[in-house]
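To start, the structure itself, in structure tokens.
Each reported figure results from applying straightforward, stated rules to the coordinates on display, with no laboratory input. Quantities reported herein were computed from a predicted structural model and do not represent experimental measurements. Methodologically, a virtual Cβ is constructed for each residue, glycine included, from the backbone with ideal geometry; neighbour enumeration extends over all protein chains shown.
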Amino acid sequence: MKQFFKTFFASLLALIIFSLIGIVLLVSIAAGFSNEEQKVTATNSVLVIDIAENFEEQTKSDPFSEIMRQKNGKSPSLTQLIGLIQHAKKDTAIKGIYIKCGQNPNGYASSEEIRTALLDFRNSNKFIIAYGETISQKGYWIANVANQIYTHPQGGLEFAGFSYESLFLKGLLDKLEIKPQVFYAGKFKSATEPFRYAQMSDANKLQTSVWLNALYTSFIQSVADTRGIEVATLKAMANEGKIQSANDALQNNLVDGLLYDDQVKKLIAKKIRVTKSEDISFVTINDYSATVALRGSGSGKIAIIYADGDIEMGKGSNDAIASDDYRTLLQEIKNDKSIDAVVLRVNSPGGSALASDIIWREIELLKKEKPVVVSMGNYAASGGYYIACGADSILADANTITGSIGVFSVIPNIEGFMKNKLGITFDRVKTGQYADLPSATRTMNATEQRFMQSGVDSVYHTFTSRVAKGRKKTIEYIDSIAQGRVWIGADAVKVGLVDKIGNLNDALATAARMAKLKGYSTKSYPESKSFIEELISGYEDNIKTKAIKEEIGEAQWQVLQQVKKVKQIMGQTQARLPIFEVNHP
């Protein structure tokens, strides 16, 4: 026993010492990064934008990459990317932009914002060249702004139209003898259809067809405008399957040439008048962000609050809009006299209806003190629209997915599965008839089902009332355009859910005008964590996530995330878009 304690305390002491050394090293590393001199862009540089990178709403730091010196660990946000493109337009050191345009994980609205900024850059008479070994349609959505687009001789361009798929679980649940007890309000509210049907309802197919065709029309028009090809001709190319190879894309004027990577670089070298392609100063957007300080000017101050992710109750992670966190944040901003106006940037498919109402209330209180303008990103739907509807003004991109004003609740009944498949049964004692409501281990009776549906209907009425008040419409009118129906931004303006089409910069200008500011600076919330905070808080999740992804693969990882979302929604009244969906743009 004595030897055991000696070994134990020796190991404990060693652990403490190594931990202290680790902390000292981390502090030293962080200090080293903070003391680095600001980089300067070399003259005659070409800015590289790889649109395979997902440009988030807020700047994301990757401390592990910074430690390994693999790259500048801070990826610019979408807003910063737009600002950097605008800065590059006037930067004499930047001679042009090279777009890597293979894949594009960014949303439809984000892609359009990037595309608009690049079109403006092109007006400076600086060149834009785009290249991808294979170019996806979403990649082409941005790439078609380029002066020249090239693809690999053995690569190609996807050009077949858009499609949308939903995954349905009813058949699986039937086989497992699991009976989902579903309650919903809104005939277009399709989030529960995977549990109820084996295919899309007619109403869901109608609304999906409308918004998907609207997005496709926007894409086709963007190609027609930049490539000088008739819309009807472009649609015929897709419908007839004419683009099957790189050569097909060239023959139909969708690309300007079939080149290898080294040939593209030689072409760029010639444009900036250097002898060898090795002499080109390529500057990645990450590195360029380290050389440019994007600041506003003026005595005014506008807070940009990013509401990005699923809406959840309580305290959440960096990827969630948590009711406790945002209630505290909104109260702090309301009481901060140095802030003159607020722009709420919403990029959310929704989530908890109760959490949405908690945040809505805080926005109502906030706008009594200062103007509140909403800027919608890729999604501001269901709960995402709930938290936006009370703002003084709402702006959205033409391709924003919004609306979906409807709610639902799902209570699974696993009694048959547990008994018939696993041999597990349940029994209970209770002091009241409804003491165990809702229960996942028995079937609800008609009265209990009526209670549940009544609760969902009540939340729906509250939701539509909030929208009617915020948009200054009657509840009857809002109900006629609600019912869970999804709208894209351009159509949302027509029905009165959005005030006008515009991006984040337009929303800032609107907020400044409402607050009567001649000039302003901005501050982003929630505030970014320090290097050490990011490193410590993200270490465990980063290691765990990478290990699981490597073991099961990316596709299975995405399925796992969807299953986790299903678990989260069970038993809670939800205002959110469908979970199981696959887009093929």
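Brief remarks follow.
- Packing-based ranking of 77-85, 403-411, 46-54 yields 403-411, 77-85, 46-54, ordered from highest to lowest mean Cβ neighbour count within 10 Å.
- Qualifying trypsin sites (Lys or Arg not before Pro) in segment 206-281, where qualification requires a DSSP coil assignment and no more than 11 other C-beta atoms within 10 Å, comprise ARG273, LYS276.
- Shape of segment 98-160, Cα gyration tensor, a/c cut at 1.5: oblate
- More than 20 Å apart - percent of Cα-Cα pairs taken over segment 415-481: 54 percent
- The GluC sites (Glu not before Pro) found in segment 190-279 that occupy coil by DSSP, while having at most 13 further C-beta atoms within 10 Å, are GLU230, GLU240.
- Computed over segment 229-303, Kirkwood Rh from alpha-carbon pairs, angstrom: 17.0 Å
- Ranked from largest, the principal axis spans of the Cα set of segment 137-282 equal 70, 34, 26 Å.
- With kT/(6 pi eta Rh) evaluated at 20 °C and eta = 1.002 mPa s, and Rh the Kirkwood radius from Cα pairs, segment 247-289 diffuses with a coefficient of 176 µm²/s according to Stokes-Einstein.
- In angstrom, the C-alpha Rg and Dmax of segment 272-393 are 19.0, 63.
- Counted over segment 314-359 with a bin width of 5 Å, the fraction of Cα pairs per bin, in whole percents, is 5, 19, 28, 26, 14, 7, 1.
- Amide H to amide H, with H built 1.01 Å from N, ILE128 comes under 5 Å of ILE97, ASN147, GLN148, counting only residues 5 or more places away or on other chains.
- The Kirkwood radius of segment 406-520, taken over pairs of alpha-carbon atoms, gives through the Stokes-Einstein law at 4 °C and 1.567 mPa s a diffusion coefficient of 69 µm² s⁻¹.
- Taking amide H atoms as placed 1.01 Å from N in the peptide plane, the amide H of SER382 lies under 5 Å from those of GLY403, SER404, ILE405, each 5 or more residues away in sequence or on another chain.
- Sites listed here are trypsin sites (Lys or Arg not before Pro) in segment 447-484 whose DSSP assignment is loop and whose Cβ has at most 12 other Cβ atoms within 10 Å: LYS472.
- Under 5 Å, built H, 5+ apart or other chain: amide partners of ASP50: LYS100, ILE285
- Quotient of C-alpha Rg and 2.2 N^0.38 Å, computed over segment 340-401: 1.04
- Local electrostatic count at PHE408 - Lys and Arg +1, Asp and Glu -1, tallied over other residues with Cβ under 13 Å: +2
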